[in-house]
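Rule-based calculations on the coordinates, nothing more; no lab input. Model, not experiment: these values are computed from the prediction. Because the Cβ atoms are built from the backbone with ideal geometry, glycine has one as well, and the counts that use them run over all protein chains shown.
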Amino acid sequence: MSGNEAVANAIRQIDPDVVAAFPITPSTEIPQFVSKYKADGLISTEFVAVESEHSAMSACIGASAAGVRAMTATSSAGMALMYEMLYIAASDRLPIVLAAVNRTLTGPININTEHSDSMGARDAGWIQIYSENAQEAYDNMLMAHRIAEHPDVMLPVMICQDGFITSHAVENILLEDDEQVRDFIGEYKPLRHLLDPEEAVAIGPYSVSPYVMEMKVAQSAAMMRAKPVILDVAKDFEKTFKRKYGFFEEYRMDGAELAILIIGSAAGTAKVAVDRLRDRGVKAGLIKLRTFRPFPAAELAAALGGDSGSVKALAIMDRSEGYSGNGGPLGAEVRMALYGRADGIRIVNIVYGLGGRDARVEDFEALYSELAELTGKTPHDIPYFKHMGQRE
């Protein structure tokens, strides 16, 4: 099945109380499947067909504030339209789950893969987890509520997959048993909600200056507390379903001297390049980042080995343009994570795949060759960032 259908099946198994959604390519299939499940009597979910993505997130906020599980799905301009409400959902500490099918954020108008939509929301206070393929999109969705609803966290979660490449391409995946999934996720018991007759609460009140900073600091602390929760849920998932996840995947990093750090579906293509190069004796490796928020800075630095490790050159792959003259958002975060921890690694930030531009195995093989050349250069002789794959 496709990644969209896989995510929709996860939603069917979760059977949330409310799904509010508005269609936009390439995430439209997710609410379409959910509405059919509702029509066929397979779920008890209240499906709300709203008039915009802003309204979809608003409806989820109202539902979650009332004490029930709420979910939605969107892409690109749809996510941009709900940006205001993303910040509200996070600051109100509402454990909403969003299926984000990554697509170029217009303009120019384009409907293909890019991470500019979710990266534009990277500082909204949402946990962000990215998927390489349909199986990971399904698995990540099954873990999302466990993470969001943990009493130490209480933050919304965004599960991302690449538009069309993952969302529409069909591949074999393993769907788990419905009852086993429901047992794994468990029943949602909100700490407090608007309809609690025993305790009067206000959700989303105006926050005056003497209090707002404390609220934001508490929100930031919750994001940091999400790190051990993400790992604990992944361990329970592995115990239950036999598939292992962490903040990132290290692929053939043992003794790797040349490495790529990447997010999303292109990791699968890059892994083929790594295998080819390893067969030729090149010490190539790859790190596929799964959790972007909270950002695993210290863990990434440790995985790359610091100045005493084997990695000599690293390419940080951004499928989003930062327009800063310094590359993309992932490049900025990783450089900061490695500063003072791995200053000996030669680093270049690569912006690639914009608007769905193909990144081929041969492109990654050529990139590893460029990394080999960087090992003999001083940091001042290395371009801070470059674009890959565009025509001259």
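General observations
- The chain, relative contact order [Cα under 8 Å, separation at least 6], %: 15 percent
- Sparsely packed loop sites in segment 1-100 (the GluC sites (Glu not before Pro) outside DSSP H, G, I, E and B with at most 11 other Cβ atoms within 10 Å) comprise E51.
- Among Q161, G120, L142 the positive-end extreme of the charge dipole of segment 3-241 (Cβ point charges): G120
- Per-pair calculated FRET efficiency, R0 = 30 Å: K235 and Q390 via Cβ, rounded to 0.05: 0.10
- Listed pairs K227/K377; K189/K242; K227/K288; K189/K235; K283/K386; K271/K386 exceeding 25 Å between Cα atoms: K227/K377; K189/K242
- The label-point distance for A297 and M224, in a model that sets each label 7 Å from Cα toward Cβ, rounds to 1.0 nm.
- For segment 248-388, diffusion coefficient by Stokes-Einstein and Kirkwood Rh (Cα), 25 °C, 0.890 mPa s, µm²/s: 166 µm²/s
- Calculated over segment 308-392, the projected area of the Cα convex hull averaged across directions stands at 6.0 nm².
- Between I287, I263, Y206, the Cα set farthest toward the positive side of the dipole of the chain (charges on each charged residue's Cβ, about the Cα centre) is that of I287.
- Each part gets one Cα centre, and for segment 223-243 versus segment 174-212 those centres are 19 Å apart.
- Relative contact order (percent, whole number), segment 1-118, Cα cutoff 8 Å, 6+ residue spacing: 25 percent
- Electrostatic dipole magnitude of the chain [Cβ: Lys, Arg +1; Asp, Glu -1; Cα centre; debye, to 20]: 820 debye
- The label point for R192 and the one for V361, both projected 7 Å from the Cα toward the Cβ, are 5.7 nm apart.
- Inter-centroid distance (Cα atoms) of segment 356-375 relative to segment 1-74, Å: 39 Å
- Placing +1 on the Cβ of every Lys and Arg and -1 on the Cβ of every Asp and Glu, with no other charges, gives segment 188-266 a dipole of roughly 180 debye about its Cα centre.
- In the chain, helical runs assigned H by DSSP with n ≥ 4 each contribute -39500 (n - 2.57); averaged across all residues and rounded to the nearest 500, the mean residue ellipticity at 222 nm is -12500 deg cm²/dmol.
- Linear extension gain, A202 paired with S44, 0.36 nm per residue minus alpha-carbon span: 54.1 nm
- Förster-model FRET efficiency, 25 Å R0, D254 and S369, C-beta, rounded to 0.05: 0.75
- Positive-end residue, the chain charge dipole about Cα centroid, Cβ charges, pick of Y37, H193, G389: G389
- Annotation for segment 166-232: chymotrypsin sites (Phe, Trp or Tyr not before Pro) lying in DSSP loop with at most 11 further Cβ atoms inside 10 Å of their Cβ are Y206.
- For the pair N172 and Y323, the difference between a 0.36 nm per residue extended length and the Cα-Cα distance amounts to 50.6 nm.
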